[in-house]
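Heads up: the structure comes next, in structure tokens.
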């Protein structure tokens, strides 16, 4: 079976599982994941953080965004340009700067928000449908994060995950970017280079 086909099969089953998560599952694990993130990462060492606006039962990021903003750390989030490309835009106020009525249903900064230079980002916090024990990720297949991560090789790359999303190994191709750390409610996985 081709890697592309393996990924599609995995995506389909993982989307189904994620769609069935209930709010009590998400709430109980989100707090543990968020607390673990802040216990592991000294956020004061980072000037600019890019992270996703959670949707569709992803690990919630609202509390992380608000805490970063309260610490006067610049926060940016992906802004979709087309089917395979995104740019980054700054968020200054979670309640005012995020558009939740988008093409894919995800939240993103409004078009009028200031552009962020990807090279200025010192940490990325990234979602996925799945991660593996080698810090690989399986996204939705459009390459948004892989493309943007290729533009900044120096920033810390963190994936937020539920335990069920961490698999022993994922199919991987040459375009896939590896992360540095995966944090779930019960696990912390670091990449070994």
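Quick note: the coordinates plus some simple rules give every number you see, no bench work behind them. Just so it is clear, the structure is predicted and the values come from calculations on it, not from any experiment. Counting neighbours? That spans all protein chains shown, and the Cβs are built from the backbone with ideal geometry, glycine included.
Some values worked out for this structure:
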read-out: Residue in segment 162-184 that is surrounded by fewer than 18 Cβ atoms within 10 Å (Cβ to Cβ), free of Cβ contacts under 8 Å to residues at least 60 places away in the same chain and under 14 Å from the mean Cα position of the chain (by Cα) present; value: yes
read-out: Whichever residue in segment 88-108 is within 24 Å of residue 137 (Cα to Cα) and not in a loop (DSSP other than H, G, I, E, B) and, among such residues, is farthest from the chain's Cα centre (by Cα); value: 89
read-out: Enumeration of residues in segment 60-73 that are touching a helix residue (DSSP H, G or I) at 6+ places or on another chain (Cβ under 8 Å) and not in a helix (DSSP H, G or I); value: 60, 71, 73
read-out: Residues that are under 17 Å from the mean Cα position of the chain (by Cα) and over 14 Å from residue 126 (Cβ atoms), drawn from segment 76-87; value: 79, 80, 84, 85, 87
read-out: Residues satisfying the stated conditions in segment 1-59, i.e. out of contact with any helix residue (DSSP H, G or I) (no Cβ under 6 Å at 6 or more places or on another chain), outside any helix (DSSP H, G or I) and touching a residue at least 12 places away in the same chain (Cβ under 8 Å); value: 21, 41, 46, 47, 50, 51, 52, 53, 54, 55, 56, 58
read-out: Enumeration of residues in segment 34-59 that are farther than 16 Å from residue 129 by Cα and out of contact with any strand residue (DSSP E or B) (no Cβ under 6 Å at 6 or more places or on another chain); value: 34, 35, 38, 39, 40, 41, 42, 43, 44, 45, 47
read-out: So residue 167, is it touching a strand residue (DSSP E or B) at 6+ places or on another chain (Cβ under 6 Å) and closer than 17 Å to residue 14 by Cα; value: yes
read-out: Only one of 131, 124 that is assigned to a strand (DSSP E or B), closer than 15 Å to residue 163 by Cα, within 13 Å of the chain's Cα centre (by Cα) and touching a residue at least 40 places away in the same chain (Cβ under 8 Å); value: 131
read-out: Residues within segment 109-126 that are surrounded by 15 or more Cβ atoms within 10 Å (Cβ to Cβ) and closer than 12 Å to residue 50 by Cβ, tallied; value: 9
read-out: Matching residues in segment 74-87 - criterion: being surrounded by fewer than 17 Cβ atoms within 10 Å (Cβ to Cβ) and either part of a helix (DSSP H, G or I) or touching a strand residue (DSSP E or B) at 6+ places or on another chain (Cβ under 9 Å) (or both); value: 80, 81, 87
read-out: Subset tally (residues that are touching a residue at least 60 places away in the same chain (Cβ under 8 Å) and under 21 Å from residue 63 (Cβ atoms)) for segment 80-110; value: 1
